[in-house]
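Structure record follows, encoded as structure tokens.
The values are calculated or read from the model by the stated rules, or taken from the named source; none is laboratory data. Computed from a predicted model, the values in this text were never measured in an experiment. Please note: Cβ atoms are built from the backbone with ideal geometry, for glycine as well, and neighbour counts cover all protein chains shown. In case anyone asks, the SASA skips ligands and DNA or RNA and just uses the protein heavy atoms, side chains included. Shrake-Rupley method; radii C 1.70, N 1.55, O 1.52, S 1.80 Å.
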Amino acid sequence: MYVRRRRVAELSECADVSALLIVVETRFRIRGRAPLALWKAPTRRSTPKDVPRTIHRGIRSRYNPRTMPIEQWTAVDEYFERLFIGDDPVLRAALADSEAAELPAINVTPSQGKLLHLLVKMTGAKTVLEVGTLGGYSTIWMARALPDGGRLTTIENEKKHAEVATKNIERAGLSDIVEIINSAAIEVLPTLTDREPFDLFFIDADKEGTAAYFAWAMKLSRPGSVIIVDNVVREGEVIDASSEDAQVKGIRRFNEVLAADPRSTATAIQTVGAKGYDGFVIVLVE
């Protein structure tokens, strides 16, 4: 491949693939074959000047995920929400009431809620245990996916959060299948051992206690149960072994406990979106 003389620096300054094709004139000499036609860049919005881009494999470019604006992630979230979720007055009211009560804005996004909903359906879960109710937003998503006779138990330590969740769940018409326990999870979990094993768990509470909550989830599970643990990436800080952040340390401890558990098969998925850069772990109990 022959390229006309140009400073390499010019390539790194290209805003997008179209500009790269202007700067570089390429001639392919392939034995026995006609020259490869120039690839035409797809039409796209211009990249913000403050977002660094890197040339990948000659013609592909990528955003730097650490500097890409959250506005872009939010816009993409909203795009998929319009297509696959739509407006839901009950869920919208649950978020509005949570905000009005000044609850922390740490609920799952609509797309993440829909994922939880789908997981309950796909696994055929009849019993769900949630650790960390907040305002009941994720609770509603999962409870709506339960089959006839299904039950969801959710544990919330903060009284104010539990009160808001109770109202939101009542409005959703789910009070008969959702049990809210207002107490510390580490105290409640041992009292659930006399119940039938739970089919699906969603752990989204204080990160310092995640390892302990997971250990109890394993005790309360059965082969085939699924455990989802949220917020395990911590904006990438999870890889910092020297971190003094209590939440990062709590998640790292959980990851180590999970990795050493012979009954579990797991993977971790990084995510970006309206809530920023984070991720979740999903576990299958063997």
Within segment 94-114, the residues that are surrounded by 16 or more Cβ atoms within 10 Å (Cβ to Cβ) and either in a helix (DSSP H, G or I) or touching a Gly at 6+ places or on another chain (Cβ under 8 Å) (or both) are Ala94, Leu95, Asp97, Ser98, Leu103, Asn107, Thr109, Pro110, Ser111, Gln112, Gly113, Lys114
If we keep only residues of segment 267-276 that are open to solvent by 50 Å² or more (accessible area, probe 1.4 Å) and either touching a strand residue (DSSP E or B) at 6+ places or on another chain (Cβ under 9 Å) or acidic (Asp, Glu) (or both), then the residue nearest to Thr123 (Cα to Cα) is Thr267
### Task
Could you tell me whether any residue of segment 233-252 is under 26 Å from Leu146 (Cβ atoms), touching a strand residue (DSSP E or B) at 6+ places or on another chain (Cβ under 7 Å) and at pLDDT 95 or above?
no
For the structure I just gave you, tell me whether Leu118 is open to solvent by 30 Å² or more (accessible area, probe 1.4 Å), closer than 22 Å to Gly224 by Cβ and outside any loop (DSSP other than H, G, I, E, B). yes
Kindly check whether there is at least one residue in segment 181-194 that is surrounded by 16 or more Cβ atoms within 10 Å (Cβ to Cβ), of a type outside the set (S, T, N, Q), in contact with a Gly (Cβ under 9 Å, 6 or more places away or on another chain) and touching a residue at least 24 places away in the same chain (Cβ under 8 Å). yes
Within segment 150-190, the residues that are in a strand (DSSP E or B) and under 16 Å from Ala101 (Cβ atoms) are Glu156, Ile180, Asn182
- Within segment 151-159, is there a residue that is surrounded by 20 or more Cβ atoms within 10 Å (Cβ to Cβ), more than 22 Å from Pro104 (Cα to Cα) and touching a Ser or Thr at 6+ places or on another chain (Cβ under 9 Å)? yes
message = Residues that are out of contact with any strand residue (DSSP E or B) (no Cβ under 6 Å at 6 or more places or on another chain) and assigned to a helix (DSSP H, G or I): does segment 191-204 have at least one?
response = yes
